């Protein structure tokens, strides 16, 4: 698919209140080129929704949602095993425009961290890069979409998923939808 494998870790989830936002964060992660998203404290219904999306639109083999018990352990394992670099998206970090070329040159995998609520202070010191997508309050979903789009230079939209039952054919006017039968 891409030269670079990207995983996303979302820290925090306010039960019930964040269900829609959490689902959108996962959908953006999936559609914008990430291969896996790690989360804690998520409702089973959200996992079922993403499984239905992957089943209908494809992605059963290309995108994975993993529920983890402890985000700190994931980050520490990532660092200890030298899995790759850690990029934390925050409004307090280095501007994306000045850092994106450096991040694109990373040869290892990238773990992108986004928060659902205030991110614990230690994330800033654990991250290899603290990157801001603007210095104003905004959505972690918007930050993730912008970061992945800059990283993949829009190529993520050309990939498609191999096992989908539904495919949209882009058209300037109207809706062209192909429904495939599974064998």
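The values are calculated or read from the model by the stated rules, or taken from the named source; none is laboratory data. Because the structure is predicted, anything quoted here is derived from the model rather than measured. As a convention, Cβ positions derive from the backbone with ideal geometry for all residues, glycine included, and neighbour counts pool all protein chains shown.
List of remarks:
- Count of residues meeting criterion [modelled with pLDDT under 90 and crowded, with 17+ Cβ neighbours inside 10 Å] in region 100-131: 3
- Scanning region 88-99 turns up no residue that is surrounded by fewer than 18 Cβ atoms within 10 Å (Cβ to Cβ), under 17 Å from the mean Cα position of the chain (by Cα) and under 20 Å from residue 63 (Cβ atoms).
- Every pair of residues 6+ apart whose Cβ atoms lie under 8 Å, when the first sits in region 17-40 and is at positive phi while the second is part of a helix (DSSP H, G or I): 33/148; 33/151; 33/152; 33/155; 33/156
- Residue in region 16-26 that is outside any helix (DSSP H, G or I) and either within 17 Å of residue 128 (Cβ to Cβ) or modelled with pLDDT of 85 or more (or both) present: no
- Residue 66 surrounded by fewer than 16 Cβ atoms within 10 Å (Cβ to Cβ) and touching a residue at least 12 places away in the same chain (Cβ under 8 Å): yes
- Selection count where residues are touching a strand residue (DSSP E or B) at 6+ places or on another chain (Cβ under 6 Å) and within 27 Å of residue 55 (Cβ to Cβ), scope region 126-146: 2
- The single condition among (1) surrounded by 12 or more Cβ atoms within 10 Å (Cβ to Cβ); (2) closer than 19 Å to residue 5 by Cα that residue 55 does not satisfy is (2).
- Residue check, residue 13 at pLDDT 90 or above and closer than 24 Å to residue 133 by Cβ: no
- Hits in region 77-125 - residues which are under 23 Å from residue 152 (Cβ atoms), out of contact with any strand residue (DSSP E or B) (no Cβ under 6 Å at 6 or more places or on another chain) and in a helix (DSSP H, G or I): 97, 98, 100, 101, 102, 103, 104
- The residue that is modelled with the lowest pLDDT, among those in region 54-70 that are under 26 Å from residue 167 (Cβ atoms) and under 15 Å from the mean Cα position of the chain (by Cα), is 59.
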